[in-house]
Amino acid sequence: MNLNLFNPERDKSILGNFSKDTHTFMLELQNELKNPKYNHVLKKDLYAIDRFEGDNPCYVVCQNLRTGKIFDIRKDEMPDDAIENSIVKIENNKYVRDYEEEKRKLKELQEIQKDLVRVSNIKWNPILREDVYKIEKFEGTKTEYAVCMNLRTKQSFNILKSELPQEVTINSMIKISNNEYVILK
């Protein structure tokens, strides 16, 4: 939106219908001030793209990662390579992807995922520590894990491969000894 405060056409209509045009102007100004490109405090923030909505015009639903506030930006203001879960920032009054922040957030999420696997891990459950487990298969690409079966309960679960002895193979039998997985001979 281009705000032209000295618009003779608008000035004529303001004289004729002051309250309507003032209200419209205030709404437009309020909407523009919500846009982070025009707010010097928000220019330093990072924004996560949540989703795309609408057809014409299409809007991008973003979240300010500092304040948590959700707002819409027209898609044509976003970088061409913007996708869901992209992190964007403002540089030279334009939105640009922040690839470094995206990598940092991905690494943070992977650490959280490892912690979740660890919490569900049998090493921390005193009831399951005495059981014997059979390695059924290995899966995963970036984070490899073993699919194991508890031979007593017949329940399957995952263990990070990095927590297992290196010589473990499919059909290996393991148990816990001194908080470490050991292969039964």
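May I ask which of LYS44/LYS107; LYS137/LYS185; LYS134/LYS161; LYS94/LYS114; LYS69/LYS89; LYS75/LYS114 have a Cα-Cα span longer than 25 Å here?
Numbers: LYS44/LYS107 22 Å; LYS137/LYS185 19 Å; LYS134/LYS161 14 Å; LYS94/LYS114 36 Å; LYS69/LYS89 15 Å; LYS75/LYS114 35 Å.
The answer is LYS94/LYS114; LYS75/LYS114.
Let me know the charge dipole size of region 39-101 about its Cα centre in debye, to the nearest 20, where only the beta-carbon of Lys, Arg (+1) and Asp, Glu (-1) is charged.
On the way: 10 positive and 14 negative charges, 70 e Å.
Once rounded to the nearest 20, the dipole reads 340 debye.
Bear in mind these aren't lab numbers, they're just calculated from the coordinates by the rules spelled out. Owing to the predicted nature of the structure, the values given are computational and were not obtained by experimental measurement. As a convention, Cβ positions derive from the backbone with ideal geometry for all residues, glycine included, and neighbour counts pool all protein chains shown.
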